[in-house]
Amino acid sequence: MSVRVLLFWLSMTIAASAQSFAGLGEGADGFALPKRGTAFEFPRDYGAHPEYRIEWWYVTANLTGTDGREYGVQWTLFRSARAPRIGGWRSPQTWMGHTALTTPEAHFAAERFARGGIGQAGAAADPFDAWIDDWSLTSQGSGYDGLRMKARTAEFAFELDLTAEGPMVFHGDNGFSVKSAEGQASYYFSQPFYAVSGAIQTPNGQMDVTGHAWLDREYSSQPLGRTQSGWDWFALTFESGHRLMTFALRDSQNAAFSSGSWISPDGTFTSISDGSITATPLRTSTVNGREVPTEWRLEYPARSVDITVSAINPQAWNDLAFSYWEGPVRATGTHIGKGYLEMTGYE
Amino acid sequence: MTKTALFALLSHWRSQPLQFAALLLGLAAATALWTGVQAINSEARKSYDRAAQALGQGTEVRLVSVDGGGIHRETFAVLRRAGWQVSPVVEGTFQTGAFQVQVRGVDPFTLPPSAASPDLLDQGRLARFLDGELILTHADVVPGLTALGLSAEIVPNVPAGQAMMDITAAWDVLETSNFSYLILTETRTNGLPALADLVPQLERITHEPEGDIAQLTQSFHLNLTAFGLLSFAVGLFIVHASIGLAFEQRRGMFRTLRALGLSAGRLTALLAVETLLLATLAGALGIGLGYLIATALLPGVAATLDGLYGASVAGSLTLDPTWVASGFVITFAGAAAASAQSLYRVATLPILAPAKPRAWAMASSKARPRQAVFGALLMLVSLGIAAFGSGLVAGFLMLGALLFGAALLLPSALNATLRLLSPFVRGPVFEWALADTRQQLPGLSLALMALMLALATNIGVGTMVSSFRLTFTGWLDQRLASEVYVTAENSAQAQDVHRFLDDQADATLPIRATSTPLMDQPGQIFGVVDHQTYRDGWPLLTSSNSPWEAVAQGSGVLINEQLWRRTDLILGADLELLPGWVLPVVGVYSDYGNPKAQAIVAQSDLLGRVQGGISTLGYAARTGRPSELRDGLITLGVPAGNIRNQAQVKAFSLNVFDRTFLVTGALNLLTLGVAAFAILAALTTLATMRLPQLAPVWAMGITRAQLARIELLRSALFAALTFVFALPLGLALAYALLAVVNVQAFGWRLPMHTFPLDWLRLLILAILAALIAASFPALRLARLAPSRLLKVFADER
């Protein structure tokens, strides 16, 4: 998955020091920087990397209820560090959890915050367990192969079992993903092949659901380029079994940087280079008092993709301390499918 | 014509600058005292509002330790991971030298949004807050924090005397590592694991803020307001005198203006405009002065409110349109009241009424019997209220009627006294001087009334404060019989402390208390063990036979004076302590300085009755070696701040007490100053009008210096006589304050003690003030050019 909400959050909390690591060299603040050609090591890399400034575990799930209706669930855990250390109550590590549940009519979102080092939130590698309060993403077998995902808020709750039906995907150059023309990069890998079953609870009651989910893991020490103002990110699963992930970083000069991956049902994938895919807003909706594009045209000529992506519930605004649009979408056109769309920078 | 007439009227002040100053300063002083008090009250109220807001609209659901001690920090993550939405808070007092600050350590990640939650969303503030580099405080503690090298930022929603910081920073400052309590931020906990299984050592309580501070302190502010009003009244005497004189002196001018064709209506209107202008000027001046007074007094008031009620009030003042407006309103009202009579006379003046400079003073003397009758009536009203009235407002009304009645009676009383004195005076000069003194009485009476009010207030309030202090000191000696007081950190430590004290101290008296409403009032129940210390020393106002035995056997309850006076409980009456627990009242003890209701029962009964147990951390100990005991307790691990010895507690209590009445003392002195100024103003204006009386005496061979000395002597005589009349009035005032107002305002009644040495001091002060006030006119008289005295004869014919 691409540059996410956390960067925005991070740029707020460390605005004062952001300048010091705008370049590509090792920051004077001691954080590690992603290097091309580094090999991942598991189970270690399932868990947290406190030596990097930012990190997240990001799950989105497209679900269908026994009532035949479509639902979406988001479970996200962000880690952010002020210094590359761990420690108890004085730990410079901080955590933020976002979770949301979207129905065709309603959208619920909640957030949690925690300081690191005290057990309130964390991400252990082996056995894998990521949590904040009573929201958790816990391994049920080996690594990310089988996960139980839980969250509970005053308005909704869910408990879902995720079973991987394909391999993990390492984006960019074997997990080294470039984020701007200037060269900012992150480590980025995904498990896009989850089958999901479980139950969700809304104010209307409990509902058994099935569907598919996508896990993104990313960590880095570099924020967005200074001129980048927001992004539009798509993760789609087609009925053909193919997956498409693509993001476009919007610039304050309106020039966008785009990238992505085209994933075959067997897990082999092709990197999408800057400029070879285009995303065009077709229609906007008024969401929470702002205009947000909730219908898009995606064109990827290399794979003859020309689809319309539209929101299942255009009002999927995460109205949290750091707010953005995130919700389930439907794809029609040359390829049929479902997925998730995230849009930031429209606040 | 109108413009010319107005200029003509205003020109009077150019030729009488001193009179102008008297009028302006009198009105300004009156306004200043009133505004100062209003400013203090309004600042206090704002502080209460802030405090109420910061507490999160009052109630808060908390998890606290069952044993009353700190909460171990591991419990936080346990609860959060189980889904309990809690946020930790550590609270404590940080003190170094004279500087003290209430420290509140919070976890910004989980703190629920409320008026008091810090705004940390931008500019890297969160990071600075977490690193202890950002402390959010009220303005009043910034200098103290800065002196300690801490960088503090003033934020509007932090109450006075408080500093908010990250919990880790607070741990450093308070030298602890626990939580005081956990705020439950989401109270819908259905489906969560039970608290008793997760953290059996914690219980869920609903925290109510300490009573309603605004209500508790209401009487205190009413007290201040009454004082302000009194000061204003004293100031009005001056204004009335000055305006009356100014009108009288300008009779000739009025006649001329009227003869030139100015209608009576227009003349009155012009004079009203003049008064309005003067009032505006004086009002602005007075409000400025009031601001200065309030700024000077506010720290004292803040300390008082903190000491008496635990109410936090900012020590600094902000300019508030409310009391500025109220200052102007009262200035205009006062000026209108002071000038109404004179304006009426001008409006009804016959067009060619001769200018008679003494007419005003003489007319006043005719008014004396009427005044005396009115004064006597007011005294009767005062007596009536004392007999039949009840409540604080009635108390103040009674005081007001008493004071003003006495003031109105003063001229007649002085006149009678002077007449009584006349047979004892020998020699023509003194006989003349005495006669002249009586002659002057009307012109001075208003100033003397002001002096008497100031003196009486001084005596009354002084007597009350000194009586209180004497009683309070004795009470402290009895009440604080134990030498050492200690509070353990947690129940484990409490057991150690108990064992240690049993071993080392002469007697161990565990203190157990629980908060609960008593007769629908905020209150506390204390459980005590049976011990001779209580029987020997505890100050009981009234009791049945052997009350402590009844308490020890669980067959009786002692209540404090506050509860006793506010309710109709009598000895033997039943008091419901907790639902289903009723005991007869067997005694009443005095409990100064505590605004709440209180009851004392046997400790074992209390522990058995209160559900879930109560905090068992406080101990009092009798010992002959307090410092050794203290060292031993510190070795046990009890923080030094939790151990207090008797001397410390006494010193602290007396300190609070003295600060409490510092404000009263300051206002007293200011009022006396205003009264002295009234005398100066009256004498100065009289001096110019009295030349026709003085000239013949001078012509008969009395030198100007002799005349001046007589002036001084007369002034001192007036002051002394006024003091004589003020003394009984002051004592009556003291009695009213002790027996009526204090009972209503604070809930306790005090025995009255008298302090003759203080009276002597005050008498000297009054005479000095009068002499100083008279010295300027006397000096002027001594240096008066003989030609002016001669001119009197030329002008007369």
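State all residues of the range B:149-188 that are touching a helix residue (DSSP H, G or I) at 6+ places or on another chain (Cβ under 8 Å), within 14 Å of another protein chain (Cβ to nearest Cβ) and surrounded by fewer than 16 Cβ atoms within 10 Å (Cβ to Cβ); if no residue qualifies, say none.
Correct list: B:S177 only.
So for the range A:83-93 (the condition being in contact (Cβ under 8 Å) with a residue 60 or more places away in the chain and facing chain B (nearest Cβ under 10 Å)), does at least one residue qualify?
No - not one qualifying residue is present in the range A:83-93.
Would you pick out the residues in the range A:85-111 that are part of a strand (DSSP E or B) and of a type in the set (F, W, Y)?
A:W95, A:F108
For the range B:739-754, what are the residues that are crowded, with 16+ Cβ neighbours inside 10 Å and under 30 Å from B:S445 (Cα atoms)?
Within the range B:739-754, just B:V741 meets the criteria.
Within the range B:189-208, restricting attention to residues that are assigned to a loop (DSSP other than H, G, I, E, B) and more than 11 Å from every other protein chain (Cβ to nearest Cβ), which residue is nearest to B:G637 (Cα to Cα)?
Only one residue tops the list, namely B:Q201.
Got a sec? Which of B:G375, B:G400 is assigned to a helix (DSSP H, G or I), under 19 Å from B:A732 (Cα atoms) and modelled with pLDDT under 85?
B:G400
Taking interchain pairs and intrachain pairs at least six residues apart, which have beta carbon atoms under 6 angstrom, with the first residue in the range B:538-554 and assigned by TED's automatic domain parsing to the domain that holds B:L509 and the second of a type in the set (A, V, I, L, M, F, W, C) and assigned to a loop (DSSP other than H, G, I, E, B)?
B:S544/B:L571
Pairs please, first residue from the range B:573-586 and free of Cβ contacts under 8 Å to residues at least 40 places away in the same chain, second anywhere and in a strand (DSSP E or B) and among the small types (G, A, S), Cβ atoms under 9 Å, 6+ apart in sequence or on different chains.
B:L583/B:A599; B:V585/B:A599
What number of residues within the range B:110-148 satisfy the criterion of being within 23 Å of B:R80 (Cα to Cα), crowded, with 20+ Cβ neighbours inside 10 Å and at pLDDT 75 or above?
Going through the range B:110-148 one residue at a time, the tally reaches 6.
Output yes when any residue across the range B:21-39 is under 24 Å from B:I243 (Cβ atoms) and at pLDDT below 75, and no when none is.
Taking every residue of the range B:21-39 in turn, at least one turns out to be under 24 Å from B:I243 (Cβ atoms) and at pLDDT below 75.
For the range B:77-92, give me each residue that is at the interface with chain A (Cβ under 7 Å from one of its Cβ atoms) and part of a helix (DSSP H, G or I).
Hits for the range B:77-92 are B:A77, B:R80, B:R81.
Being assigned to a loop (DSSP other than H, G, I, E, B), within 14 Å of chain B (Cβ to nearest Cβ) and of a type in the set (S, T, N, Q), is that true of even one residue in the range A:59-67?
no
Looking at this structure, is B:V497 at pLDDT 80 or above and under 36 Å from the mean Cα position of the chain (by Cα)? I'd like the intermediate steps shown before the answer.
Working: at pLDDT 80 or above: yes; under 36 Å from the mean Cα position of the chain (by Cα): no.
So B:V497 fails the test.
Scan the range B:93-111 for residues that are facing chain A (nearest Cβ under 10 Å) and of a type outside the set (S, T, N, Q) and jot them down. Spell out how you get there, then give the answer.
First, the residues of the range B:93-111 that are facing chain A (nearest Cβ under 10 Å): B:107-111.
Listed by number, the residues that qualify are B:D107, B:P108, B:F109, B:L111.
Taking the condition farther than 30 Å from B:H240 by Cβ and over 21 Å from the mean Cα position of the chain (by Cα), does B:A435 pass?
Considered against the rule, which asks whether it is farther than 30 Å from B:H240 by Cβ and over 21 Å from the mean Cα position of the chain (by Cα), B:A435 comes out as no.
What tally of residues in the range A:111-131 results from selecting those that are within 17 Å of the chain's Cα centre (by Cα), in contact (Cβ under 8 Å) with a residue 24 or more places away in the chain and either within 10 Å of chain B (Cβ to nearest Cβ) or closer than 15 Å to B:Q85 by Cα (or both)?
2
For the range A:127-187, which fully contained strands (runs of 3 or more DSSP E) count at least 3 residues that are basic (K, R) and at pLDDT 90 or above?
In the range A:127-187, A:146-152 are the strands (runs of 3 or more DSSP E) which contain 3 or more residues that are basic (K, R) and at pLDDT 90 or above.
Give the residues of the range A:295-347 that are more than 14 Å from every other protein chain (Cβ to nearest Cβ), under 18 Å from the mean Cα position of the chain (by Cα) and polar (S, T, N, Q), sorted by residue number.
Those that are more than 14 Å from every other protein chain (Cβ to nearest Cβ), under 18 Å from the mean Cα position of the chain (by Cα) and polar (S, T, N, Q): A:N318, A:T344.
Test B:T59 against the criterion of being under 30 Å from B:F776 (Cβ atoms) and either within 33 Å of the chain's Cα centre (by Cα) or at pLDDT 80 or above (or both), and give yes or no.
No; evaluated as a whole, the condition is false for this residue.
In the range B:501-560, how many are among the polar types (S, T, N, Q) and assigned to a helix (DSSP H, G or I)?
Final tally of qualifying residues: 3.
Has the range A:313-333 got any residue that is free of Cβ contacts under 8 Å to residues at least 60 places away in the same chain, surrounded by 15 or more Cβ atoms within 10 Å (Cβ to Cβ), touching a strand residue (DSSP E or B) at 6+ places or on another chain (Cβ under 8 Å) and closer than 19 Å to A:S190 by Cβ?
No, that holds for no residue.
Which count do you get for residues in the range A:132-158 that are more than 8 Å from chain B (Cβ to nearest Cβ), surrounded by 21 or more Cβ atoms within 10 Å (Cβ to Cβ) and among the acidic types (D, E)?
0
Quick one: which strands (runs of 3 or more DSSP E) lie wholly within the range A:241-347 and hold at least 1 residues that are of a type in the set (S, T, Y), out of contact with any helix residue (DSSP H, G or I) (no Cβ under 9 Å at 6 or more places or on another chain) and more than 28 Å from A:L77 (Cβ to Cβ)?
So the answer is A:278-287, A:290-300, A:305-311, A:324-333.
The values are calculated or read from the model by the stated rules, or taken from the named source; none is laboratory data. This one's a predicted model, so the numbers in the text were calculated from it and none came from an experiment. Neighbour counts are summed over all protein chains in view; Cβ atoms, including those assigned to glycine, are modelled from backbone coordinates with ideal geometry.
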